[in-house]
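Below: the structure, in structure tokens.
The values are calculated or read from the model by the stated rules, or taken from the named source; none is laboratory data. From a predicted model like this one, the values you see are computed outputs, not experimental measurements. Note: ideal-geometry Cβ built from the backbone for every residue, glycine included; neighbour counts use all protein chains shown.
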Amino acid sequence: MTDTIDSPAVPVPVRSIALLSLAAFASAATARVADPLLPQVAEEFGTSIAAASVVATGFTLAYGLCQVIYGPIGDRWGKYTLIAAVTLLSALGTGLAALAGDLATLGGLRLVSGATAAAIIPLSMAHIGDIVPYEVRQPVLARFMSGQIMGVIAGQAAGGALGEWIGWRGVFLALAAVYVGIGALLVRELRSPRVVQHRNPVSVAGLVSNFIALARSPRVRLVVGVVFVEGMLFFGGFTFVGAYVRQAYGLGYTAIGALLAAFGIGALVYTTTAARVVKALGQRNMVLAGGVLLALAFAAFALSPPWWLLPLPIAVCGLGFYLFHNTLQTQATQMAPYARGVAVSVFASCFFLGQAAGVALGGPLAEAVGYPPLFLLAGATLPLLAALFRARI
């Protein structure tokens, strides 16, 4: 089964990419489900929001650190094969997290979950980079990202609604079941001729050479440096929006999850219009527009509007973030075609290490000065980063 994007000369295996998008759904849901659950986890274990944020930082830290392992393995043995395997393994770590008896154990199991889920989205992007030409790749990546964005919506909304109904433990069990189902579909798809895998086995010496070449490339240093700072600034603020809503408005977890789900709605506006947006604005102006929208959204949070207005800036966050981030993703798939799996994995590693750093710094900062100054800091610095990257593309 194939489809075409913009040109009949470019066949795209829709079913295979759709299943990768489903796997990305599960990975993103597992990552973002922590956002609305932070207050609930803190209350159950009798600790602060900053301490409970280990359920977010544990996942993202492992996610970032493990990228450099999965990239070479995917290049050698096949990216699609590895994605199917780690999707099934992710079910185990996510399910065990539901059994955690203390915060330290929960943090450790979230670390395990992040380590297995780490391969899914970056290697999916690299696989798409292998089979889709660069000139039509950004809209295809945007379609793939629809699953990731729906995972963000599901993680945040279900984390709130299901968390209130069946508790955070039940949420993790439900996610484990989702992983099992998607993993089984991926294994079945592997037997199909639709899956064409580009393998590039390299020796240890060759791998070291690839990493050195990446480190020496100004383009690579620019893209991975910007994505690290982007992850740190954005998630160092946005991760705490749910806790801020709980503190400032006293809303329940279902309402918090529903509000946070507006982020995904804004992101879907981008993915459904990506082809037209890329054509109208171009990558450089997309980055700048994303930075400006993020500045406006975080400024709105800091002003503490009525709670029923919050979906608007949250949705603007989703639109602005993906205008910026999808451009970075597309650049990452082409910054080192000779070792695409390794290059995209390094990109993802820096992005999630930036997230972990941002959340680790954002929690204590919010406790010290409050949430509005944290949001203002993110809103002031993200457009500056976008302008810097725009000037260097």
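A few notes on this one:
- Of residues in region 164-184 being crowded, with 24+ Cβ neighbours inside 10 Å and not β-branched (V, I, T), the one modelled with the lowest pLDDT: W168
- Residue pairs whose Cβ atoms lie under 7 Å apart, sitting 6 or more positions apart in sequence or on different chains, and linking a residue in region 317-341 that is at negative phi to a partner that is of a type in the set (K, R) and crowded, with 24+ Cβ neighbours inside 10 Å, are T333/R340; G341/K79.
- Checklist (1) free of Cβ contacts under 8 Å to residues at least 24 places away in the same chain; (2) on the phi > 0 side of the Ramachandran plot applied to S304, failing item: (1)
- Among the residues making up region 215-236, those that are buried (at least 20 other Cβ atoms within 10 Å of the Cβ) and either of a type outside the set (V, I, T) or assigned to a loop (DSSP other than H, G, I, E, B) (or both) are F228, E230, G231, M232, L233, F234, F235, G236.
- Residue match in region 135-146 (condition: modelled with pLDDT of 85 or more and under 30 Å from Q247 (Cβ atoms)): no
- Elements of the type helices (runs of 4 or more DSSP H) sitting completely within region 294-393 and holding at least 2 residues that are of a type in the set (S, T, Y) and closer than 25 Å to L268 by Cα: these cover 311-334, 340-369.
- Filtered by the rule that a residue be under 19 Å from the mean Cα position of the chain (by Cα) and either surrounded by fewer than 22 Cβ atoms within 10 Å (Cβ to Cβ) or more than 21 Å from A302 (Cβ to Cβ) (or both), region 237-257 gives a lone residue, G257.
- Pairs with Cβ under 7 Å, 6+ apart, first in region 73-88 and part of a helix (DSSP H, G or I), second among the aromatic types (F, W, Y) and at pLDDT below 90: L82/Y70
- Subset tally (residues that are basic (K, R) and touching a His at 6+ places or on another chain (Cβ under 8 Å)) for region 69-96: 1
- Of all the residues in region 263-322, those that are of a type in the set (S, T, Y) and under 15 Å from P372 (Cβ atoms) number 1.
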